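Working notes, structure below.
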Amino acid sequence: MKPISMGRGMGSFFKTCDCPRPTRCPHEYTIRYRNAAGKQTEEGGHTTQDDAKDALSKIYRAKKDQGRPSNLDAISRMTFEEYATDWMRRQSRGWAQNSEKRVRSDMRTHILPRLASRKVGTFASTVLDDFILSMEEDGVKTSAQTHAFDTLKKALMPLARKGGIPRDIFEEVVPPEHIAKKIEIPRLSEILEIRENANDWLKVIMDLMYGCGNRNGEAFAASLQKVVADDVYRVSDQVSRYRDVTRLKHRKVGEFREVPLPGQVKENLHYYDDRYGHNEGGYMLIEWDPKNGRNRYLHYGTVRRHWLIACKEANLEGKYTMYSLRHFFASNCLSNQIPITDVAEWMGHKSIEVTYRTYRHLMPSSLGDAAKKLTLSLTA
């Protein structure tokens, strides 16, 4: 039976049998329509044409109702305090006593003092980030931060599901439990102590990591050919865990980034190249591999072993990983007022959000700090 359309957007119905008079045969009708996700869907089990038409009509009305804004506009104009008060009133009937007590405590102590006046429709991931930062700056314990963030998430999720705020509002936010494990940033004096106990090739790797922000594998691929100006180093490839030179992380073959080159780092690159030389590709950090009877690029395990030895001799055993050197680079840049956009580019992060999420505790809560300064200036 040829499908019969119900009209634009309403779908169609038909029978799959080969009966000569399908409208009078006992076989059931199948309806065809597009679901809420836009995917074509078929559904059988409808005895008569009227049943099929009714089913299509209900589906069509449901989709139309789902697309209507209903009262979302009114909700988006509410302050968060108004919205939260109504949300708690409706939700409290299903809460256990302890749960209700916790939610109301979180709202009263941590959430409303910071977000009460904000319009509900203006919530975004940056607002949530600033909320977490403000708790950190006020010395709120990590456990309390976690509970408060979870309560805020519970309150906002129903609105996100309805489309009142972005659905991915929480996806770009690092929750407080991650912030509790703050990255360890070594002091320059500690780095220099470790460096003093390192061999020459480890010094080159360390310099490129804490001085230029290179990743481990990028530093393994050290080369004087990458010094493209007196103060610029071009990061164009890296040594993989399989000891081969490959493209950069988050980059296509042939792509590169350029980073600042401190004078001390450049001097050590020249010193190492003059003393030990380089292979035909210009790469300096190679070692003899007796198993294969040839020189190969440094192995991650070899580098890590020498790093641990140097840390132990500096009485810093177990305190830092090699990646801590990159954390120092980022901290050094940000503390010297270098824009985070530049830092993100130099470190090779996929997006500035990665840099912000990793190092945001090194920066003040911008909105809250600005509001305090403006308040003081207006009352002076």
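Every number in this text was worked out from the coordinates using simple rules, so none of it is lab data. If you're wondering where the values come from, they're calculated on a predicted model, not measured in any experiment. FYI the Cβ positions are ideal-geometry reconstructions off the backbone, even for glycines, and counts take in every protein chain you see.
Calculate the all-directions average of the projected area of region 74-179's alpha-carbon convex hull, and give it in nm².
Answer in nm², one decimal: 6.3.
Over the Cα atoms of region 4-67, each weighted equally, I'd like the Debye log10 I(q)/I(0) at q = 0.23, 0.24, 0.26 Å⁻¹, rounded to two decimals.
Taking Cα atoms of region 4-67 as identical point scatterers yields -0.92, -0.99, -1.11.
For a footprinting-style exposure proxy, rank TYR233, TYR359 by other Cβ within 10 Å, fewest first.
The fewest-first ordering by Cβ neighbours comes to TYR359, TYR233.
What ranking do HIS270, HIS299, HIS46 get, fewest neighbouring Cβ atoms within 10 angstrom at the top?
Lowest to highest Cβ neighbour count: HIS270, HIS299, HIS46.
From the C-alpha gyration tensor of the chain, pull out the three semi-axes of the equivalent ellipsoid (sqrt of 5λ each), sorted largest to smallest, in whole Å.
Computed over the chain, the values are 56, 35, 18 Å.
Taking the chain as the reference, fit the longest principal axis to its C-alpha atoms, fit the long axis of helix 324-335 to the helix C-alpha atoms, and give the angle between the two in degrees, 0 to 90, nearest 10.
Value to nearest ten degrees: 80.
Quick one: helix 80-91 against the long Cα principal axis of the chain, what's the angle to the nearest 10°, folded into 0 to 90?
Computed tilt is about 60 degrees.
Greater than 31 Å separation of Cα atoms is the criterion. Which listed pairs, LYS58/LYS119; LYS101/LYS162; LYS319/LYS350, meet it? Display every interim value, and only then the final one.
Numbers: LYS58/LYS119 35 Å; LYS101/LYS162 27 Å; LYS319/LYS350 28 Å.
Result: LYS58/LYS119 exceed 31 Å.
Where does region 173-331 land on Rg(C-alpha)/(2.2 N^0.38 Å)?
Computed over Cα atoms of region 173-331, the ratio equals 1.05.
Say we join alpha carbon atoms closer than 10 Å with springs in a Gaussian network model of the chain; which of LEU316, LEU128, LEU248 then has the biggest fluctuation?
LEU316
On a 0 to 90 degree scale, rounded to 10, what angle separates helix 200-212 from the longest Cα axis of the chain?
The angle comes out near 50 degrees.
How would LYS226, LYS266, LYS312 line up from fewest to most surrounding beta-carbon atoms within 10 angstrom?
Arranged by neighbour count, lowest to highest, LYS226, LYS266, LYS312 become LYS312, LYS266, LYS226.
Which of rounded, prolate or oblate describes region 241-289 when judged by the alpha-carbon gyration tensor and an a/c cut-off of 1.5?
Taking the square roots of the gyration eigenvalues as a ≥ b ≥ c, region 241-289 is oblate.
Per DSSP H run of at least 4 residues, take -39500 (n - 2.57); add these up for the chain, divide by its residues and hand me the 222 nm value, nearest 500 deg cm²/dmol.
Details: 17 runs with 185 residues, N = 380.
Rounded to the nearest 500, the figure is -14500 deg cm²/dmol.
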